[in-house]
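*Asks:* Sharing a structure with you now.
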Amino acid sequence: MGELWNAAKGAGLWSWSPADWAWSPETVRWSLDLGMPKSPVYFDVSTDAMPPQVRYEMWRTLLYYSFEGDPLSAQSARDFSARTQCLITDPVQLLRYRSCAVSGRGVPADLANDRETYTIGVVLEGARTYEQEDSAAPVVSRASDFFVFDNRWHSRVAWSDHRAVQVSVPRAELEQRIGERIPDPATMVRLLGESHMGEVLKHQMLLSAKHMAAANEVERDFMLGQLMQLALFSCETVTAGTAARAAPRRDLFGAAVALIEQNIGRPGLDARMIQTHLGCSRATLYRAFAEAGTSVSNAIAQLRIKRAKAVLATSPDLPVGVVAARCGWYDSASFARAFRRHEGLSPSEFREELRTSRA
């Protein structure tokens, strides 16, 4: 395993400290028990400098998760070429890649020792055929089309020579937005392709993939957080009128608080967005919060502070600017002002008090 990764590193780039991610690719293949990075890490690996006889075996052994690549003929294996650029954090991943033709079977996450994710991608070149168990028919996606991959299910995937970009989000987060009955792949691909929000998501994926290598840690964290929210929001919007939406009935205040918690990392979160999502008037929304003894803006602020305190406590080495971005502030200065207003001390002082109390 280590020998393959050392060979791969000669044809790629990755770098992170044990404080960012305890997993080291030179020692063992990643598995669920090894966790995810605490801050975004960038990964760029290619077969180009690899000996032809090991290219495909390296690729399918080291780079495929919840997917088992089919064997290739001896000639196709020697001619195989691929490159993947990844930006990875918990809980979202962004990938841009190119590859020769490949096919294989999707393996459910519980069998592959992987996390349950839902992947939304765009074909840039080539074609992809995807058949998920219990689906009526395979879904064929060509250049500029969306595609999906749900690693809860068994599936078959076949690519021609191709380039693509994709974002993977936690399946549980998507279920919170649209219910447990996620539309079948053909329906989701069609709905995203027909909607203006799908077009926005497509362009944002391409822009983020273009700039992920040059971005710094704070920028990468912000990009991934916003991209995940955009992907979830797009799926929520395009499926709003489908029978697959099965969100449970909740009171308006409870539903609003849940929505705030789900979108706490969005700086533009406000009453207008909440009432649009819940389909109520602004006055009705305000009345629900007043009856609960608070206001929309105060609830958002309190929930952001609560999230920030949790992140500061559980990630003591995470830069304050990254904490601010994850919790919905545009910059660390506004975060520090809000934190001091609610807690009576700065984020750094709060962290220091925690260290002292634990000593």
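The values are calculated or read from the model by the stated rules, or taken from the named source; none is laboratory data. Worth saying up front: this structure is predicted, and the values here are computed from it rather than measured. Quick reminder, even Gly has a Cβ in these numbers, built from the backbone with ideal geometry, and neighbours come from all protein chains shown. All accessible areas refer to the heavy atoms of the entire protein, side chains included, with ligands and DNA or RNA removed. Shrake-Rupley method; radii C 1.70, N 1.55, O 1.52, S 1.80 Å.
*Asks:* Quick one: with all protein chains in place, what share of the accessible area of the chain is carbon or sulfur, to the nearest percent (1.4 Å probe)?
*Replies:* 52
*Asks:* What net charge do the residues around residue 205 carry, taking every other residue with its C-beta under 14 Å from that of residue 205, with Lys and Arg at +1 and Asp and Glu at -1?
*Replies:* That sum, taken over residues with Cβ under 14 Å, equals +2.
*Asks:* Another question, if that's okay. Enter the accessible area per residue of the stretch 188-346 (Å², integer; probe 1.4 Å; all protein chains in place).
*Replies:* 48
*Asks:* I would also like to ask the following. Quick one: how many Å² of residue 210 are accessible to a 1.4 Å probe, rounded to 10?
*Replies:* 130
*Asks:* In terms of modelled amide H atoms, which long-range or inter-chain residues lie less than 5 Å from the amide H of residue 118?
*Replies:* Long-range HN contacts for residue 118: 169, 171.
*Asks:* List the residues, sorted by chain then number, that are 5 or more residues from residue 93 or on another chain and whose placed amide H is less than 5 Å from its amide H.
*Replies:* Here 168 satisfy the definition.
*Asks:* Note down the accessible area of residue 147, probe 1.4 Å, to the nearest 10 Å².
*Replies:* Accessible area of residue 147: about 0 Å².
*Asks:* Here is a follow-up. For the pair residue 156 and residue 276, what calculated FRET efficiency results from E = 1/(1 + (r/R0)^6), where r is the Cβ-Cβ distance and R0 = 41 Å, to the nearest 0.05?
*Replies:* 0.55
*Asks:* Given a Förster radius of 45 Å and the C-beta distance between residue 48 and residue 287 as r, what FRET efficiency does 1/(1 + (r/R0)^6) yield to the nearest 0.05?
*Replies:* 0.15
*Asks:* Rounded to whole Hz and in sequence order, give me ³J(HN,Hα) for the stretch 207-216 from the Karplus expression 6.51 cos²θ - 1.76 cosθ + 1.60, θ = phi - 60°, writing x for Gly and Pro.
*Replies:* Using θ = phi - 60°, the values come out as 5, 5, 5, 5, 9, 5, 5, 8, 6, 7 Hz.
*Asks:* A further question follows. Compute the length gained on full extension between residue 137 and residue 258: take 0.36 nm times their separation in residues and subtract their Cα-Cα distance, giving the result in nm to one decimal.
*Replies:* Net length gain for the segment: 40.0 nm.
*Asks:* Right, next: Can you pull the one-decimal nm distance between simple spin-label points at residue 196 and residue 57, each 7 Å off the Cα toward Cβ?
*Replies:* 5.4
*Asks:* Of 105, 171, 340, which has the largest mean-square fluctuation in a 10 Å C-alpha GNM of the chain?
*Replies:* So, out of 105, 171, 340, the one fluctuating most is 340.
*Asks:* For the stretch 108-114, just list the computed ³J(HN,Hα) in residue order, Karplus coefficients 6.51, -1.76 and 1.60, θ = phi - 60°, integers in Hz, with x standing in for Gly and Pro.
*Replies:* Those phi angles translate into x, 4, 5, 8, 9, 6, 10 Hz.
*Asks:* Karplus couplings for the stretch 165-172 from phi (6.51 cos²θ - 1.76 cosθ + 1.60, θ = phi - 60°), rounded to Hz, Gly and Pro as x?
*Replies:* For the stretch 165-172, the Karplus curve yields 9, 8, 10, 10, 10, x, 4, 4 Hz.
*Asks:* How far is it, in nm, from the label point at residue 17 to the one at residue 110 when both lie 7 Å from their Cα along the line to the Cβ?
*Replies:* About 3.9 nm, to one decimal.
*Asks:* In deg cm²/dmol, rounded to 500, what helix-only [θ] at 222 nm does the chain give when every DSSP H run of at least 4 residues adds -39500 (n - 2.57) and the total is split over its residues?
*Replies:* Estimated from H runs of four or more residues: -13500 deg cm²/dmol.
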